[in-house]
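Colleague: I'd like to ask some things about the structure below.
The values are calculated or read from the model by the stated rules, or taken from the named source; none is laboratory data. All values derive from a computational prediction rather than experimental measurement. Cβ placement follows ideal geometry from the backbone for every residue including glycine, while neighbour counts extend to all protein chains displayed.
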2 protein chains.
Amino acid sequence: MAGTSGSWETPVMTMTKAYVSVLVFGLILGLLTITLQFFEYRYYVGRLNTDIYTAVVATIFTAIGIWLGMSLLKGKKEKNSPEIDLSKVKKLKLNEREYEVLQLIAQGLSNQEIADKLFLALPTIKTHTSNLYWKLNVQSRTQAVHKARSLNLI
Amino acid sequence: MAGTSGSWETPVMTMTKAYVSVLVFGLILGLLTITLQFFEYRYYVGRLNTDIYTAVVATIFTAIGIWLGMSLLKGKKEKNSPEIDLSKVKKLKLNEREYEVLQLIAQGLSNQEIADKLFLALPTIKTHTSNLYWKLNVQSRTQAVHKARSLNLI
DNA sequence: TGCAATTCCATACTAAAGTATGACGGTAAT
DNA sequence: ATTACCGTCATACTTTAGTATGGAATTGCA
């Protein structure tokens, strides 16, 4: 269904987020300018101190700036901070056991240790690993770990 | 030598960075308030439009806010993005070849492929891997990769 | 020069991993 | 009920990994 394009949405979503940020920023800036200007004109005769006005504007826009800067950096951050992408697990049609075995392999466990941990027989684990390698298009456990890491599966 | 405390400096530096950011922010805010107030008083009689003033203040403080937000997030970012710690390589007394082999193992290469890549014989690679495992206190290549990752060696 | 460490290579062996194939019970969809 | 997986286990086999030695060339240093 929607999972087909799941892994390629991230850059698009980042771009979208940036545009939304800029738009929201523009809107808030416009509204605030108008509002403050209104207050300015209304209360200036009453000698509202201008540095209070400055402080208010500065504080508000600093806050907006912080929010903007953080949300802008968040996009980049998710790029190089590895997060587990479970949508890819589904896309590769890894079943529960295979994914489980993959994680244990990545932790350095041998087939026998995995079998003991999951209360299964050694041949079962070998079957799972073989199917796993076929689905990941690799030939060994170290290759599987490397590929799984590059795909953010683990 | 100096490498002993290298890996533990990061949180301290993050804190320091944050304090510096706040200080710089305060300074700039103070200076700008004074400067702008000066301009305000000087040119107000000349009917300098108030929304230009607002726009200038807003832009400047938004920029400051963005810079602040980004530098605040950067500290967090470096916390969970693992960096290669070469000092630990020395501490474990891994020599050039062993570290080289370790990296290739992590990329999923077999001993034979590593031998071909480094123009060495297969037994040589086996010697290196065995020594490597002994130094890392592990028994297999997947364990070695896992341990090397947890130690930020690779 | 002698010594130690490094790097390379070899042989021989054991252990583990990987491949191929088949079988059987369970379960979910058609 | 049949098809189609999924998960389990088995056997048999080949390949790779890992261990234990030891030899030989090189380099740097005492």
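Colleague: Go through (1) at pLDDT 80 or above; (2) within 14 Å of DNA strand D (Cβ to nearest atom); (3) assigned to a helix (DSSP H, G or I); (4) not aromatic (Phe, Trp, Tyr) one by one and return the number of the condition A:ILE66 breaks.
Modeller: Tallying (1) at pLDDT 80 or above; (2) within 14 Å of DNA strand D (Cβ to nearest atom); (3) assigned to a helix (DSSP H, G or I); (4) not aromatic (Phe, Trp, Tyr), A:ILE66 fails exactly one: (2).
Colleague: Scan region A:120-131 for residues that are surrounded by fewer than 19 Cβ atoms within 10 Å (Cβ to Cβ) and not in a loop (DSSP other than H, G, I, E, B) and jot them down.
Modeller: A:LEU122, A:PRO123, A:THR124, A:LYS126, A:THR127, A:SER130, A:ASN131
Colleague: Okay, next question. What number of residues in region A:87-137 are within 14 Å of chain B (Cβ to nearest Cβ) and over 31 Å from the mean Cα position of the chain (by Cα)?
Modeller: Of the residues in region A:87-137, 5 are within 14 Å of chain B (Cβ to nearest Cβ) and over 31 Å from the mean Cα position of the chain (by Cα).
Colleague: Among the numbered criteria (1) modelled with pLDDT of 90 or more; (2) over 27 Å from A:GLN139 (Cβ atoms), which one does B:SER81 miss?
Modeller: For B:SER81, the failing item is (1).
Colleague: A follow-up question, please. Is it the case that some residue within region A:88-106 is modelled with pLDDT of 70 or more and within 30 Å of B:MET70 (Cβ to Cβ)?
Modeller: The answer is yes, given that some residue of region A:88-106 is modelled with pLDDT of 70 or more and within 30 Å of B:MET70 (Cβ to Cβ).
Colleague: Does any residue of region A:107-119 turn out to be within 12 Å of DNA strand C (Cβ to nearest atom), assigned to a loop (DSSP other than H, G, I, E, B), under 21 Å from B:SER140 (Cα atoms) and in contact with a Lys or Arg (Cβ under 8 Å, 6 or more places away or on another chain)?
Modeller: Yes, some residue in region A:107-119 is within 12 Å of DNA strand C (Cβ to nearest atom), assigned to a loop (DSSP other than H, G, I, E, B), under 21 Å from B:SER140 (Cα atoms) and in contact with a Lys or Arg (Cβ under 8 Å, 6 or more places away or on another chain).
Colleague: Within region A:81-95, is there a residue that is free of Cβ contacts under 8 Å to residues at least 12 places away in the same chain, outside any loop (DSSP other than H, G, I, E, B) and more than 16 Å from DNA strand D (Cβ to nearest atom)?
Modeller: no
Colleague: Residue by residue through region B:136-146, note down the ones that are within 11 Å of DNA strand C (Cβ to nearest atom) and assigned to a helix (DSSP H, G or I).
Modeller: Across region B:136-146, the qualifying residues are B:ARG141, B:THR142, B:GLN143.
Colleague: Let me ask something else. Are any residues in region B:101-140 without any contact (Cβ under 8 Å) to a residue 24 or more places away in the chain, near DNA strand D (Cβ under 8 Å from one of its atoms) and not aliphatic (A, V, I, L, M), and if so, which ones?
Modeller: Correct list: B:SER110, B:ASN111, B:GLN112, B:GLU113, B:PRO123, B:LYS126, B:THR127, B:SER130, B:TYR133, B:TRP134, B:GLN139, B:SER140.
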